[in-house]
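Q: There's a structure below that I have some questions on.
The values are calculated or read from the model by the stated rules, or taken from the named source; none is laboratory data. Worth saying up front: this structure is predicted, and the values here are computed from it rather than measured. Counting neighbours? That spans all protein chains shown, and the Cβs are built from the backbone with ideal geometry, glycine included. Accessible surface areas use protein heavy atoms only, side chains included; no ligands, DNA or RNA. Shrake-Rupley method; radii C 1.70, N 1.55, O 1.52, S 1.80 Å.
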Amino acid sequence: MINGGVHYTERGIVQNIRAMRMQIALMGITNENVTGFDKIGYQRKIPVISSFAEFIGEDAISTTTDDTVGRLCLTENPLDIALAEKGFFQIQTQDGIKLTRDGRFKMNKEGEILALDGSKILTNMGTPLVLPFVPEKLEDITIDLNGIVRVLDNKTRKFETAGTLGIVTSDGMAVLSPNVRQGYVESSNVSIQTEFLEAIPYSKTFEANRQLFMMQNTNLQKAISTLSS
């Protein structure tokens, strides 16, 4: 009877600790989303809880990405580019090709279009995007809804095509109608209100398990004290 009671209480304590760690992990994902609220191109993380979470705890938690389009903000900078549809820009980094929705681009003196960190922006042909010549001003660069980049030659008063932005899905498939918006950036798709509402049950569940932990810990201490007397 006594041994069975002690064994049950110990198992309950372990379960409560496991549950509290799960809630901490879930609140961590929410905090990450809140932190990313003001980040350009940030996409909200959604927690996914697998089966048998009550036995494996926080290891049962993974995340998926909410790929809905975030808020578009007007900047009027010709090299600020936003996607009004799902998809990603392709950039060439030192670690290989990566995908991003951060369309804050810049141009170097050679006419190469680069990301803020200096990575090369790729075309739909997989080659770096390079203007045929360096324009007199950034306003001479135009990018249409399909991502075709053109630059105005002030001598001939004609536009020359530099290439088409390489815009793909997360699986690497080309996005045929990316709805590119020049002069805009995409803010995150995080809603502070949504994150706040989702954090409430995590907090309440954590507090409930904390109270149970304290009660069972007290009972276990009493049982040990009784056995040792």
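Q: Of everything in segment 154-187 that's among the acidic types (Asp, Glu) and at pLDDT 95 or above, which residue is farthest from the chain's Cα centre (by Cα)?
A: Keep residues of segment 154-187 that are among the acidic types (Asp, Glu), which gives 160, 171, 186.
Now restrict to residues that are at pLDDT 95 or above: 160, 186.
Numbers: Glu160: 36, Glu186: 13 Å.
Among those that are among the acidic types (Asp, Glu) and at pLDDT 95 or above, it is Glu160.
Q: Do any strands (runs of 3 or more DSSP E) entirely within segment 55-159 hold 1 or more residues that are basic (Lys, Arg) and surrounded by 13 or more Cβ atoms within 10 Å (Cβ to Cβ), and if so, which?
A: Details: elements: 61-65, 72-74, 81-83, 88-93, 96-100, 141-143, 148-153.
Once the strands (runs of 3 or more DSSP E) in segment 55-159 are filtered for at least 1 residues that are basic (Lys, Arg) and surrounded by 13 or more Cβ atoms within 10 Å (Cβ to Cβ), what remains is 96-100, 148-153.
Q: Here's a follow-up. Have a look at Leu116, Leu131, Leu145, Leu83 and point out the one that is of a type outside the set (D, E, K, R), in contact (Cβ under 8 Å) with a residue 40 or more places away in the chain and in contact with a strand residue (DSSP E or B) (Cβ under 8 Å, 6 or more places away or on another chain). Give the derivation first.
A: Values: Leu116 fails: in contact (Cβ under 8 Å) with a residue 40 or more places away in the chain; Leu131 fails: in contact (Cβ under 8 Å) with a residue 40 or more places away in the chain; Leu145 fails: in contact (Cβ under 8 Å) with a residue 40 or more places away in the chain.
Among Leu116, Leu131, Leu145, Leu83, only Leu83 is of a type outside the set (D, E, K, R), in contact (Cβ under 8 Å) with a residue 40 or more places away in the chain and in contact with a strand residue (DSSP E or B) (Cβ under 8 Å, 6 or more places away or on another chain).
Q: Going by what's in this entry, would Gly163 be described as open to solvent by less than 80 Å² (accessible area, probe 1.4 Å), on the phi > 0 side of the Ramachandran plot and in a strand (DSSP E or B)? Can you show your working first?
A: Working: open to solvent by less than 80 Å² (accessible area, probe 1.4 Å): yes; on the phi > 0 side of the Ramachandran plot: yes; in a strand (DSSP E or B): yes.
Yes: the conditions hold for Gly163.
Q: Considering only segment 170-183, I want to know if a residue exists there that is open to solvent by 60 Å² or more (accessible area, probe 1.4 Å) and either aromatic (Phe, Trp, Tyr) or assigned to a helix (DSSP H, G or I) (or both). Show your work before the answer.
A: Initial filter on segment 170-183 (open to solvent by 60 Å² or more (accessible area, probe 1.4 Å)): 170-171, 173-174, 176-177, 181.
Pick out the ones that are also either aromatic (Phe, Trp, Tyr) or assigned to a helix (DSSP H, G or I) (or both) and you get none.
Within segment 170-183, not a single residue is open to solvent by 60 Å² or more (accessible area, probe 1.4 Å) and either aromatic (Phe, Trp, Tyr) or assigned to a helix (DSSP H, G or I) (or both).
Q: Kindly provide the set of residues from segment 73-87 that are of a type in the set (A, V, I, L, M) and under 16 Å from Ser170 (Cα atoms), ordered by number. Break it down into steps so the answer makes sense when it comes.
A: We begin by selecting, within segment 73-87, every residue of a type in the set (A, V, I, L, M); these are 74, 79, 81-84.
Hits for segment 73-87 are Leu83, Ala84.
Q: Among the residues of segment 184-206, which ones are assigned to a helix (DSSP H, G or I) and surrounded by 12 or more Cβ atoms within 10 Å (Cβ to Cβ)? Lay out the reasoning, then the answer.
A: First, pick out the residues of segment 184-206 that are assigned to a helix (DSSP H, G or I): 192-206.
Result: Thr194, Glu195, Glu198, Ala199, Tyr202, Ser203, Thr205, Phe206.
Q: Taking the conditions exactly as written (within 21 Å of the chain's Cα centre (by Cα) and either under 30 Å from Lys204 (Cβ atoms) or not hydroxyl-bearing (Ser, Thr, Tyr) (or both)), does Leu79 satisfy them or not? Step through it out loud before you land on a result.
A: Numbers: within 21 Å of the chain's Cα centre (by Cα): no; either under 30 Å from Lys204 (Cβ atoms) or not hydroxyl-bearing (Ser, Thr, Tyr) (or both): yes.
Considered against the rule, which asks whether it is within 21 Å of the chain's Cα centre (by Cα) and either under 30 Å from Lys204 (Cβ atoms) or not hydroxyl-bearing (Ser, Thr, Tyr) (or both), Leu79 comes out as no.
Q: Check Ile40 against each of (1) outside any loop (DSSP other than H, G, I, E, B); (2) in contact with a strand residue (DSSP E or B) (Cβ under 9 Å, 6 or more places away or on another chain) and name the one condition it does not meet.
A: Failing condition for Ile40: (1).
Q: Something else about it: Can you say whether Arg44 is within 12 Å of the chain's Cα centre (by Cα) and in contact (Cβ under 8 Å) with a residue 24 or more places away in the chain, as far as the supplied structure shows?
A: Values: within 12 Å of the chain's Cα centre (by Cα): yes; in contact (Cβ under 8 Å) with a residue 24 or more places away in the chain: yes.
Answer is yes for this residue.
Q: In addition: Check whether at least one residue in segment 46-65 is among the aliphatic types (A, V, I, L, M) and in contact with an Asp or Glu (Cβ under 6 Å, 6 or more places away or on another chain), and report yes or no.
A: Filtering segment 46-65 down to residues among the aliphatic types (A, V, I, L, M) leaves 46, 48-49, 53, 56, 60-61.
When the remaining residues are screened for being in contact with an Asp or Glu (Cβ under 6 Å, 6 or more places away or on another chain), the result is 46.
Yes; the residues of segment 46-65 include at least one that is among the aliphatic types (A, V, I, L, M) and in contact with an Asp or Glu (Cβ under 6 Å, 6 or more places away or on another chain).
Q: On to the next question. When you scan segment 19-29, how many residues do you find that are in contact (Cβ under 8 Å) with a residue 40 or more places away in the chain and surrounded by fewer than 19 Cβ atoms within 10 Å (Cβ to Cβ)? First the steps, then the outcome.
A: Kept after step one, since they are in contact (Cβ under 8 Å) with a residue 40 or more places away in the chain, are these residues of segment 19-29: 19-20, 23-24, 26-27.
Subset that is surrounded by fewer than 19 Cβ atoms within 10 Å (Cβ to Cβ): 24, 27.
Residues flagged as in contact (Cβ under 8 Å) with a residue 40 or more places away in the chain and surrounded by fewer than 19 Cβ atoms within 10 Å (Cβ to Cβ) within segment 19-29 amount to 2.
Q: A follow-up question, please. How many of the residues making up segment 32-54 are closer than 25 Å to Phe89 by Cα and open to solvent by 80 Å² or more (accessible area, probe 1.4 Å)?
A: Residues in segment 32-54 being closer than 25 Å to Phe89 by Cα and open to solvent by 80 Å² or more (accessible area, probe 1.4 Å): 4 in total.
Each row is one residue, and each column tells you yes or no for (1) in contact with a His (Cβ under 9 Å, 6 or more places away or on another chain); (2) modelled with pLDDT of 95 or more; (3) closer than 20 Å to Met27 by Cα.
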| position | (1), (2), (3) |
| --- | --- |
| Ile40 | no, no, no |
| Thr64 | no, no, yes |
| Asn77 | no, yes, no |
| Leu83 | no, yes, no |
| Phe88 | no, yes, no |
